[in-house]
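Taking it in order: structure first as structure tokens, then the write-up.
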Amino acid sequence: MNVNAIREQFPILHQHINEHPLVYLDSAASSQKPRSVIDAMKKYYESDNANVHRGVHTLGSRATDAYEGAREKIRAFLNAKSVQEIIYTRGTTTALNLVAASYARAVCGEGDEIVITPMEHHSNLIPWQQAAKATGAVLKYIPLQADGTITLEDAQRTITDRTKIVSIVHVSNVLGVINPVKEIAAVAHRYGAVMVVDGAQSTPHMKVDVQDLDCDFFAFSGHKMCGPTGIGVLYGKKELLEKMEPIEFGGEMIDFVDLYESTWKELPWKFEGGTPIIAGAVGLGAAIDFLQEVGLDAIEAHEHKLASYAYERLSAIAGTTIYGPGPRERAGLITFNIEDVHPHDVATVLDTKGIAIRAGHHCAQPLMRWLNVSATARASFYVYNTEEDVDRLADALHQTKEFFGHAIG
Ligand code: PMP
């Protein structure tokens, strides 16, 4: 993989921030976009734009082809059986809310169980809290080990024949933990439960095969995988989606409408009420082309190398705590704190040096409480980052520590 050639394709990276060349280490929050994605969306608006599924005119059919063509790219990318299993959403949050609002409310009753973990992003936690409250179901947690991982044995102990839904993050946005979702799906199925996977942090960085994982639902966001904001996907097994009721009603999703009754279109459109995010789908399709051209295996290996190097450099800074498992078992991000320096201060000082990292609770407040911190700093890596970026980060952290050390002392 030629990182310099890849960097050339990302216009935003070639600028100075606070008089330093930009080092972007916040891709877990949102990734940057290659020129091919920006151009695909520009071309769509400049030459093909119209509404989909209705116009008999040429632009209408071009827009429909672009929108549905991107769906086929997503199907192939995930190795789903059918495009009917690919529902466009606004992102991971909307996708998970759809499952919680439609599927969970239909299948859960008093005393049934929904199983998640304490490492979930709020988007894979609050929808289940709400579904549990609405149905009388109980929310149960697979406990975390000291390093933030979960074990299959604990999953087996937590999931019971009252469990209707198991919903787990594939890769944690805080700990970098890669969860054994395939194995947990097998346990869930043994008890007759469905397996939902929050793939927001895995899909951009590793090969995902929904048939191999045998998950029932899988959610992800375009903007974390070189695509635009405002578009994401819910994959669902056809037989489950067919039984589910839509949660948004109106144009686009109907078949026949009468004064008091209506019927819905077939899959996947019954879940896509209103004019869809057409340019977003086009951009996501272009992002998938880009990722496949580079190769997901190469991307994963590159990030693993960077994260291991960052782990080594950051753990050499005295007073630094790195959260989550060791470098061999983690995905391409490092969450950390520097003793006596608030992570917001770390991020602010780094920004003065042109380095963008994230600081805060990372939409995982229960996990912060488990870690016994109110916030952390996080550096996350992607296809366009280099070892030099890691060096800039580590050097700047040394300086930050010295600066605050002197200020405090
Ligand atoms: N789950 C995880 C693990 C995430 O990292 C994120 C984004 N930070 C989300 C869900 C939510 O994604 P979105 O905001 O794109 O809906």
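The values are calculated or read from the model by the stated rules, or taken from the named source; none is laboratory data. Since this is a predicted model, take the numbers as computed values, not measurements. Don't worry about glycine lacking a Cβ; one is built from the backbone with ideal geometry, like all the others, and counts go over all protein chains shown. Accessible surface areas use protein heavy atoms only, side chains included; no ligands, DNA or RNA. Shrake-Rupley method; radii C 1.70, N 1.55, O 1.52, S 1.80 Å.
Here is how the numbers come out for the structure above:
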{"read-out": "Potential extension, His344-Glu68 segment - 0.36 nm per residue separation minus Cα distance", "value": "95.1 nm"}
{"read-out": "Inter-probe distance in nm under a simple model that places probes 7 Å from Cα toward Cβ, at Ala356 and Lys182", "value": "3.4"}
{"read-out": "FRET E, pair Asp39, Ser61, Förster distance 30 Å, beta-carbon r, rounded to 0.05", "value": "0.90"}
{"read-out": "FRET efficiency, Glu261 to Asn51 (Cβ-Cβ, R0 25 Å, nearest 0.05)", "value": "0.45"}
{"read-out": "nm² value of the averaged projected area, convex hull over the Cα atoms of the range 302-409", "value": "6.6"}
{"read-out": "Of all accessible heavy-atom area on the chain, the percent that carbon and sulfur account for (1.4 Å)", "value": "51"}
{"read-out": "Using alpha-carbon coordinates, inclination of helix 296-315 to the longest axis of the chain, degrees", "value": "30"}
{"read-out": "Bins of 5 Å, starting at 0 and running to the largest distance - Cα pair percent for the range 43-145", "value": "2, 11, 14, 14, 13, 13, 10, 8, 6, 5, 2, 0"}
{"read-out": "Proximal lysines to Lys353, defined as alpha-carbon separation beneath 22 angstrom and excluding residues fewer than eight positions away on the same chain", "value": "Lys401"}
{"read-out": "Of Ile278, Gly251, Thr263, farthest towards positive along the dipole that unit charges on Lys, Arg, Asp, Glu beta carbons give the range 231-339", "value": "Ile278"}
{"read-out": "Mean separation of Cα contacts under 8 Å, 6 or more apart, over the residue count of the chain: relative contact order %", "value": "22"}
{"read-out": "Estimated [θ] at 222 nm from DSSP helical runs (n ≥ 4, -39500 (n - 2.57)) normalised by residues in the chain, nearest 500", "value": "-11500 deg cm²/dmol"}
{"read-out": "R0 of 22 Å, Cβ-Cβ distance Ala298-Ala76: FRET efficiency to nearest 0.05", "value": "0.75"}
{"read-out": "Gained length - Asp395 relative to Glu153, 0.36 nm times residue gap less alpha-carbon distance", "value": "83.0 nm"}
{"read-out": "Exposed GluC sites (Glu not before Pro) absent: longest stretch of the chain, with sites in DSSP loops and at most 13 other Cβ within 10 Å deemed exposed", "value": "111-260"}
{"read-out": "Net dipole in debye of the chain [+1 Lys, Arg Cβ; -1 Asp, Glu Cβ; about Cα centre; nearest 20]", "value": "220"}
{"read-out": "Residue list for the range 222-237, given a label point 7 angstrom along the Cα-to-Cβ vector of Arg90 and an amide N cut-off under 13 Å", "value": "229-232"}
{"read-out": "Crossing angle, helix 126-135 versus the chain [Cα axis fit, 0-90 degrees, rounded to tens]", "value": "40"}
{"read-out": "D_trans [Stokes-Einstein, Kirkwood Rh over alpha-carbon pairs] for the range 240-343, 4 °C, 1.567 mPa s, µm² s⁻¹", "value": "70"}
{"read-out": "The range 308-409 - accessible surface per residue (Å², probe 1.4 Å)", "value": "43"}
{"read-out": "Whole-number accessible area per residue in Å² for the range 22-65, which is evaluated in the context of all protein chains at 1.4 Å", "value": "51"}
{"read-out": "Pairs of Cα atoms farther than 18 Å apart, the range 44-100, %", "value": "47"}
{"read-out": "Tail fraction, Cα-Cα pairs, the chain, threshold 42 Å, whole percent", "value": "15"}
{"read-out": "For a label point 7 Å along the Cα-to-beta-carbon line of Thr160, residues of the range 81-118 with backbone N under 13 Å", "value": "111-115"}
